[in-house]
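Working notes, structure below.
The values are calculated or read from the model by the stated rules, or taken from the named source; none is laboratory data. Computed from a predicted structure; not experimentally measured. In this analysis, Cβ positions are derived from the backbone assuming ideal geometry, glycine residues included, and neighbour counts consider all displayed protein chains. To get the accessible areas, we keep the full protein, side chains included, count just its heavy atoms, and leave off ligands, DNA and RNA. Shrake-Rupley method; radii C 1.70, N 1.55, O 1.52, S 1.80 Å.
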Amino acid sequence: CHLVHYLRLSHHLIVLNYLICTFDKLKSVSSEDIQITDAVFDGVEVRVFEPPARGDESLKRSVVYIHGGGWALASARTSLYNNLCRIMAESLNAVVVSVEYRLVPEVCFPEQYHDALRATKHFLQPDVLAEYSVDPSRIAISGDSAGGNLAAAVCQQLSKDEDLMVRPKLQALIYPVLQAFDFNTPSYQQNMNMPVLPRYVMINYWIDYFNGNHDLAHALLINNHTALNVGQALSFRGRLNWTSLLPSSFKKNYKPVVQTTGTAEIIQKMPALLDVRAVPLLADNETLGLQPKTYMLTCENDVLRDDGVMYAKRLENAGVDVTLDHFHDCFHGCMIFTIWPTDFSAGVQTRNSYIKWLDENL
């Protein structure tokens, strides 16, 4: 993929996504019990999973799901996410709307956020909910990884929209990526070379999402962009102080990496690094206090572990009812790996716990 990119034949993420989708076509998971249809919500493609009507009910609960993949890979239509959403629809007897937002490099931030927000707001219209026989008081917004990032950002925006008639009851975030302020949290240090999502890969996803220059990767890695002399970052520092937000079992013996003198130009070149629509963990306490009841799934072997734990703690401090579901023996991305040949016990374990919480709270 990188050779193709180097030769300027195509972008490496386009090639990688093509390979993923080509392999994915070799296997498919279907169900006679769930009706699966593709639709367009306010210009955004979605895939809708509808369980059959039951005689003893009139309205169903619902989940808006936003897939992961570093804002650049995967699709609502791939078998991994198709299978997850189908199982959710079956297990919860719920209408599941899977958002097919546009990807990097076709578009960059904030377009993925706008796609997710537009599709969700369209679905929350009373007439659309009625069309799908959805109970307006029983809707969750959910997503994994980069999709968890988008779900959290969408929830924050919806909570401040005074014109919105229907609001989500829950948000369920699965190992979400929530900040680009500190790439040396304990989990980033502990899992910097962990397969599936090493630290340098996550930094490159951020750079691609912001349409930035990869020459800045090393400066980001050592937190030059949020050094003490970078004035734009000062007001956010207290919102991401992992020494106070993480329990000692997560902090272990790791030390903060705070540069005295850094590179303020990085923020000027990529201002989205401090944009709460891209980094929901930097939201103010007032916004956090407006968030719905929250489920947070984190994995020990994941650079993003502390993103989720810190967000859960900040939400809790703001008065939100939060369930932190931490898995000590699991890894980033594991929940979608439940189909042969990647049918891992970690995937089934995390998926079952996630669906159980939704079933009990939605």
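The number of residues in segment 219-236 being part of a helix (DSSP H, G or I) and either touching a Pro at 6+ places or on another chain (Cβ under 6 Å) or free of Cβ contacts under 8 Å to residues at least 24 places away in the same chain (or both) comes to 1.
Would you say Phe331 is closer than 29 Å to Leu220 by Cα and open to solvent by 20 Å² or more (accessible area, probe 1.4 Å)?
Details: closer than 29 Å to Leu220 by Cα: yes; open to solvent by 20 Å² or more (accessible area, probe 1.4 Å): yes.
Here the answer is yes, as Phe331 does meet what is asked.
The single condition among (1) open to solvent by 10 Å² or more (accessible area, probe 1.4 Å); (2) under 25 Å from Ile336 (Cα atoms) that His218 does not satisfy is (2).
Kindly evaluate Gln291 against the criterion of being over 24 Å from Lys255 (Cα atoms), without any contact (Cβ under 8 Å) to a residue 40 or more places away in the chain and out of contact with any Gly (no Cβ under 8 Å at 6 or more places or on another chain). Spelling it out, it is not the case that Gln291 is over 24 Å from Lys255 (Cα atoms), without any contact (Cβ under 8 Å) to a residue 40 or more places away in the chain and out of contact with any Gly (no Cβ under 8 Å at 6 or more places or on another chain). Among the criteria (1) part of a loop (DSSP other than H, G, I, E, B); (2) aliphatic (A, V, I, L, M); (3) open to solvent by less than 10 Å² (accessible area, probe 1.4 Å); (4) farther than 22 Å from Arg277 by Cβ, the one Ala180 does not fulfil is (4).
Within segment 268-308, work out how many residues are open to solvent by less than 10 Å² (accessible area, probe 1.4 Å) and either over 25 Å from Asp144 (Cα atoms) or among the hydrophobic types (A, V, I, L, M, F, W, C) (or both). Residues in segment 268-308 being open to solvent by less than 10 Å² (accessible area, probe 1.4 Å) and either over 25 Å from Asp144 (Cα atoms) or among the hydrophobic types (A, V, I, L, M, F, W, C) (or both): 13 in total. Quick one: is Ser244 hydroxyl-bearing (Ser, Thr, Tyr), under 26 Å from Leu228 (Cβ atoms), free of Cβ contacts under 8 Å to residues at least 60 places away in the same chain and open to solvent by 40 Å² or more (accessible area, probe 1.4 Å)? Here the answer is yes, as Ser244 does meet what is asked.
When segment 113-146 is filtered for residues that are open to solvent by 10 Å² or more (accessible area, probe 1.4 Å) and farther than 24 Å from Arg54 by Cα, the ones remaining, listed by number, are His114, Leu117, Arg118, Lys121, His122, Ser145.
Looking at Tyr354, Tyr311, just one residue is out of contact with any Pro (no Cβ under 9 Å at 6 or more places or on another chain) and either in a helix (DSSP H, G or I) or modelled with pLDDT of 95 or more (or both), and that residue is Tyr354.
Each residue in segment 42-97 was checked for being touching an Asp or Glu at 6+ places or on another chain (Cβ under 8 Å), in a loop (DSSP other than H, G, I, E, B) and either crowded, with 19+ Cβ neighbours inside 10 Å or of a type in the set (Asp, Glu) (or both), and 9 pass. Checked against (1) assigned to a loop (DSSP other than H, G, I, E, B); (2) under 28 Å from Arg138 (Cβ atoms), Leu281 meets all criteria but (1). Every listed requirement among (1) more than 14 Å from the chain's Cα centre (by Cα); (2) at negative phi is met by Tyr81 save one, (1).
Of the residues Leu150, Leu173, Leu164, which single one is on the phi < 0 side of the Ramachandran plot and in a loop (DSSP other than H, G, I, E, B)? Working first, answer last.
Working: Leu150 fails: in a loop (DSSP other than H, G, I, E, B); Leu173 fails: in a loop (DSSP other than H, G, I, E, B).
From the options Leu150, Leu173, Leu164, the qualifying one is Leu164.
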